[in-house]
Amino acid sequence: MAGWRRKRTFRTDYGPHLPFKFNRKKRQKQARALLKKMNKVKDDHVHFNPKTVAVWAFQIMVTVLLAFVFVWYFGTRITSMDNGMNPQIRNQQTVLVNRVVYNATRPKRGDIVVFKPHGNEKDRYYIRRIIGMPGETIQIKEGKLYIDGKRLKASYVPGNIAQAGLAEEEMKIASDEYFVISDNQYNLEDSRATNIGNVTRSSVYGKAWFVPSVSRQFGFIK
């Protein structure tokens, strides 16, 4: 056909392509960066000194041993007389009591303390956990524990407290007293009972620290 011409098409996806030498430079730059990172990792491993780690481990062991000996000889060993703190502390298990710690600090919520109710020296030692602090109001309502009107949610508080006892009605804790409770919710020999009630600061003998018995409870008390 006379005058026929091929129709031209134009690419719309056209993009410039770098020459090979530019791509090679880019790869060389990436290789150098990777080599630099590898050398840094290698240097870090070289600086790792097993001797230093051994010294640290030895110092930690000595510190723990000294603390253990200190409490063993200058603290007190008592025997748990009930299952109030079961399963962490069981009946007839020996417990090491740290009598020094509260000379420097005050008892805290969550601490497991050793005391004699009302300071009666003729009574036996009890081991219970501090829940209520001085000056707070406490109440057990529908199986839940409330401090100053707010529910206390902690791993050591039973999810459903069986009986409220004295805490059925909101009660105020005196400025020198603590409200203690058993980890075993079925043991009611704690501040919920009239024969024990709130524990005064002067009645706290020390902090339950370690169970040296050869059993699955062996170890530090939390």
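The values are calculated or read from the model by the stated rules, or taken from the named source; none is laboratory data. Here the structure is a predicted model, which is why all the values come from computation and not from measurement. Note that we place each Cβ from the backbone using ideal geometry, even for glycine, and neighbour counts take in every protein chain shown.
Does region 124-146 hold any residues that are of a type in the set (D, E, K, R) and either surrounded by 14 or more Cβ atoms within 10 Å (Cβ to Cβ) or in contact with a His (Cβ under 7 Å, 6 or more places away or on another chain) (or both), and which are they?
Selection gives Arg128, Arg129, Glu136, Lys141, Lys144.
Considering region 187-210 alone, what residues qualify as being out of contact with any strand residue (DSSP E or B) (no Cβ under 6 Å at 6 or more places or on another chain) and hydrophobic (A, V, I, L, M, F, W, C)?
Scanning region 187-210 gives Leu188, Ala193, Ile196.
List pairs: first in region 128-155 and on the phi > 0 side of the Ramachandran plot and outside any strand (DSSP E or B), second modelled with pLDDT under 95 and buried (at least 17 other Cβ atoms within 10 Å of the Cβ), Cβ under 7 Å, 6+ apart or cross-chain?
Final answer for the pair search is Gly143/Ile161.
Filter region 182-205 down to the residues that are under 20 Å from Asn91 (Cβ atoms), under 23 Å from the mean Cα position of the chain (by Cα) and in contact (Cβ under 8 Å) with a residue 60 or more places away in the chain, then identify the one that is surrounded by the most Cβ atoms within 10 Å (Cβ to Cβ).
If we take residues in region 182-205 being under 20 Å from Asn91 (Cβ atoms), under 23 Å from the mean Cα position of the chain (by Cα) and in contact (Cβ under 8 Å) with a residue 60 or more places away in the chain, then Ser182 is surrounded by the most Cβ atoms within 10 Å (Cβ to Cβ).
Return the only residue of Lys141, Lys150, Lys172 being closer than 17 Å to Gly110 by Cβ and of a type outside the set (S, T, N, Q).
One residue alone meets the criteria, Lys150.
For Gln163, work out the one condition from (1) surrounded by fewer than 17 Cβ atoms within 10 Å (Cβ to Cβ); (2) touching a residue at least 40 places away in the same chain (Cβ under 8 Å) it doesn't fulfil.
Evaluating Gln163 over (1) surrounded by fewer than 17 Cβ atoms within 10 Å (Cβ to Cβ); (2) touching a residue at least 40 places away in the same chain (Cβ under 8 Å) leaves (2) as the failure.
Take residues that are among the polar types (S, T, N, Q) and at pLDDT below 85 and tell me which of the strands (runs of 3 or more DSSP E) falling wholly in region 66-116 contain 3 or more.
none
If I ask for residues that are in a strand (DSSP E or B) and among the charged types (D, E, K, R), which ones from region 173-218 would you list?
Within region 173-218, Glu177, Lys207 meet the criteria.
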